[in-house]
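Right, one structure below, let's go through it.
The values are calculated or read from the model by the stated rules, or taken from the named source; none is laboratory data. Just so you know, these numbers come straight off a predicted model, no measurement behind them. Because the Cβ atoms are built from the backbone with ideal geometry, glycine has one as well, and the counts that use them run over all protein chains shown.
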Amino acid sequence: MEIRPALHAHLEWPTQHSPLRVATVAVIEALAVAAIELSRIIAAGPLAGIVGESGGVNPDGDRQKTIDIVADRLMRDALRAAPVAAVLSEEVELPETLDPDAPLCVAIDPLDGSANLENNISIGTIFSIRPKGNDIISTFFEPGTAQCAAGCFIYGPQTVLVLALDQRVDCFTLDPRTGEFVLTARDLRVAQDTPEFAINASNRRHWSGQVRNYIDECLAGVNGERGQDFNMRWIGSLVAEAYRILMRGGVFLYPADARQGYREGRLRLLYEAHPIALIMEWAGGAASSGRSRILELSARTPHQRVPLIMGSARAVRDVDAIHLTVEPLFESSDAPLFARRGLFR
Ligand code: FBP
């Protein structure tokens, strides 16, 4: 029988650790303890009294669920006891300084996709860890390449940790019998040739011409320019989409669109796009805004949004290629050039 190392034993290897790696591991383990607690609360759902609105709004104007508040408290409490100089949470306006002498900064979405909880659909915690720079706050405004680790916990049929560390992506499953995460997939690689896309197609009329053209080409299937039939998925939960892509490939798009507030997409750079991009790249996939590699982008504000295209490297390259056209993204999106009849309208 295969011996599956527990998270702690796995992180201890190799035995020679730099101080930064020791600190990074301490942060990951602290988050894992909080995630185990959170997964128990989520699994109990209405029995734990955590389904429903809290009455508050987060810095982005999203209505907070009770579970968002619970998740934020659990994760930030865990980080307080870890070597973390500052934490930026989706639920709080500005980074919070914890221990100014500690070597790491963390950006976290404590519970991504929480609106899906009532529908019993997978949701998750996304985190990004980076070494503290010369001053704490500017650390968050460095590009995504500054991250030394990232990951997400997925609370679904199984509770899973996808971890990007040491230039590799491993996957751990929570064993409910022992209450421990154990290694269940080592060195994940994203399949390069899966014809499957994920996009919220109800926004088609708001997309740029480039995105519409790409999706129309996919929908045209074997007779279209892409020469193959595509499958489509949309879960509406970033962690679940990222996990599916890690398991079987494909591409996810949450592009910029013409709606007010969506000109830079919907997803947040620091605690959604950066960590998911690190996971994708270290697993051999790619992540782009359509025009730039996500990991080379720096945030200008803590809750900055960014268009996100991620998944199989070839598909991300194809979407980037479509963005190379000089057409403006939106000004002419209602012009005849983009008025080609699509399958969604
Ligand atoms: P939150 O951070 O507000 O939970 O939003 C993120 C998210 O739920 C992603 O997980 C998902 O990809 C996206 O929003 C779905 O957005 P939409 O409802 O516009 O399709």
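Pairs please, first residue from the stretch 256-283 and touching a residue at least 40 places away in the same chain (Cβ under 8 Å) and basic (Lys, Arg), second anywhere and surrounded by fewer than 22 Cβ atoms within 10 Å (Cβ to Cβ) and in a helix (DSSP H, G or I), Cβ atoms under 7 Å, 6+ apart in sequence or on different chains. These pairs meet every condition: Arg259/His206. For the stretch 220-244, a residue qualifies if it is among the polar types (S, T, N, Q) and either touching a helix residue (DSSP H, G or I) at 6+ places or on another chain (Cβ under 9 Å) or part of a loop (DSSP other than H, G, I, E, B) (or both), and the qualifying residues are Gln228, Ser237. When Asp109, Asp99, Asp72 are screened for being surrounded by fewer than 23 Cβ atoms within 10 Å (Cβ to Cβ), acidic (Asp, Glu) and within 16 Å of the ligand (Cβ to nearest atom), only Asp72 passes.
Restricting Leu183, Leu253, Leu188, Leu219 to residues that are within 16 Å of the ligand (Cβ to nearest atom) and not aromatic (Phe, Trp, Tyr) narrows the list to Leu253. Pairs meeting the criteria (first residue in the stretch 75-101 and free of Cβ contacts under 8 Å to residues at least 24 places away in the same chain, second residue within 16 Å of the ligand (Cβ to nearest atom) and among the aliphatic types (A, V, I, L, M), beta carbons under 7 Å, at least 6 apart or on different chains) are Val87/Ile108. The condition (being at pLDDT 95 or above, more than 15 Å from the ligand (Cβ to nearest atom) and surrounded by 24 or more Cβ atoms within 10 Å (Cβ to Cβ)) is satisfied by just one residue among Leu270, Leu278: Leu278.
Only a single item in (1) surrounded by fewer than 23 Cβ atoms within 10 Å (Cβ to Cβ); (2) out of contact with any Ser or Thr (no Cβ under 8 Å at 6 or more places or on another chain); (3) not basic (Lys, Arg) is not met by Leu238, and it is number (1).
Taking the stretch 56-104 as the range and being at negative phi and modelled with pLDDT under 90 as the test, the residues that pass are Gly56, Val57, Asn58, Pro59, Asp60, Asp62, Arg63, Gln64, Lys65, Thr66.
Considered as a group, the residues in the stretch 116-133 that are polar (S, T, N, Q) and either buried (at least 20 other Cβ atoms within 10 Å of the Cβ) or within 16 Å of the chain's Cα centre (by Cα) (or both) include one that is farthest from the ligand (Cβ to nearest atom), and that residue is Ser128.
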